[in-house]
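Beneath this line is the structure, given in structure tokens, with notes to follow.
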Amino acid sequence: MVDLNCDMGEGFGIYSFAEDSEIMPFIDAANVACGFHASDPNTMRKTVELAKKHNVKVGSHPAYPDLVGFGRRPMKMQREEIKNLVMYQTGALKAYLEEFKLPLNHIKPHGSLYGVSAKEEDVAHGIADAAEIFGVGIFGMVNTFHEKVYKERGIKFIAEFYSDLEYDETGYLVIAKGRNKYYPADLAVERCMRAIKENKVKTVNNTDIDVGCETICVHSDTPNAIEILQALRKNMSQNNPAKEPKDITDKKMPYIVAD
């Protein structure tokens, strides 16, 4: 069953990228920032509490220690360092999950940690080392070291598709510089439905590549995230009536705030 996930809790102190409370009702799984690329203890706790309120599964969203660069700058680290990095951040999140009596559902590396682990086997193994200890699966991309390493080690691999980012010819994501840009909801839906049915997507050069699609990511800092989620919910429920749709009535678009 394909579900919808979103990177959440990515504010820091008084700053936030998006209004998580407006987004949470639309999603099935929240990837919660753990303080290294975004978030702080108060934001983490608030995000977990919000997820419980809306019956949303929670996974950790660990990153390289790069608050200034929002975790989008790669760092050269050894396998054991990667393991410790992921364990430290996931362990912090797990403390809040225990407070609210919620299980840890998965691990989804953030930003450059996600991208580097797709291309470098040792980094993927470092993340897997941590996931084994927590006993959870990992979100990742097919035809990369995500799929190869996690499956070979018997760790649950959850193939992820991105609704609001483009793919290049090699199958990797085209990451935005700065904040994510507006992405047309109709195009996002078209791409996602094709990924679900055919496991294909058009690249920036208009050629087809293979993708996996067990879970679909909509970024919380995409300006029209709720519009995309609302359209996806409608189309996914029409094509799969057995899946109970989330309540999407009278929801407002989130604003990017920094007050």
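Where a number appears in this text, it was derived from the coordinates with a stated rule and is not lab data. Predicted model only: the values in this text are computed from it and were never measured. Heads up, the Cβs are rebuilt from the backbone with ideal geometry, glycines too, and the neighbour counts pull from every protein chain shown.
Just a few scattered comments:
- Label point 7 Å beyond Cα of THR207 along Cβ direction - residues of the stretch 131-168 with amide nitrogen under 13 Å: 168
- Around the amide H of VAL201, modelled in the peptide plane, lie the amide H atoms of ILE209, VAL211, all under 5 Å away and 5 or more residues distant in sequence or on another chain.
- A cut-off of 5 Å between modelled amide H atoms, ignoring neighbours fewer than 5 places along the same chain, links HIS106 with GLY59, SER60.
- This ranking places CYS34, CYS217 by how few other beta-carbon atoms lie within 10 Å of each, fewest first, which gives CYS217, CYS34.
- Share antiparallel - DSSP beta bridges, the chain, percent rounded to 5: 25 percent
- Fewest-first sequence of MET1, MET236 by Cβ atoms within 10 Å of each Cβ: MET1, MET236
- Each Lys and Arg adds +1 at its Cβ and each Asp and Glu adds -1 at its Cβ; summed about the Cα centre, the chain shows a dipole of about 200 debye.
- Part-to-part distance (alpha-carbon centres) for the stretch 55-111 and the stretch 153-220, which is given in Å: 22 Å
- In this structure, the amide hydrogen of LEU4, modeled 1.01 Å from its nitrogen in the peptide plane, lies closer than 5 angstrom to those of ASP28, ALA29, ILE216, counting only residues at least 5 positions away or on a different chain.
- In order through the stretch 212-226: 3J(HN,Hα) via Karplus (6.51 cos²θ - 1.76 cosθ + 1.60), integer Hz, x for Gly, Pro: x, 7, 8, 9, 10, 9, 10, 6, 5, 8, 5, x, 10, 4, 5
- Theoretical FRET efficiency, 1/(1+(r/R0)^6), r = Cβ-Cβ of MET75 and ASP122, R0 22 Å, to 0.05: 0.95
- Counting other Cβ atoms within 10 Å as a rough exposure proxy, the listed residues PHE70, PHE134, PHE100 run PHE100, PHE134, PHE70 from fewest neighbours to most.
- Taking all Cα pairs closer than 8 Å and separated by 6 or more residues, the relative contact order of the chain comes to 22 percent.
- Peptide ranges 149-158, 42-51 listed from the most packed, as the mean C-beta count within 10 angstrom indicates: 42-51, 149-158
- Comparing ILE133, ILE196, ILE216 in a Gaussian network model of the chain where C-alpha atoms under 10 Å apart are linked, the largest mean-square fluctuation is found at ILE133.
- If R0 is taken as 25 Å, the Cβ-Cβ distance between GLU49 and TYR182 corresponds to a FRET efficiency of 0.25.
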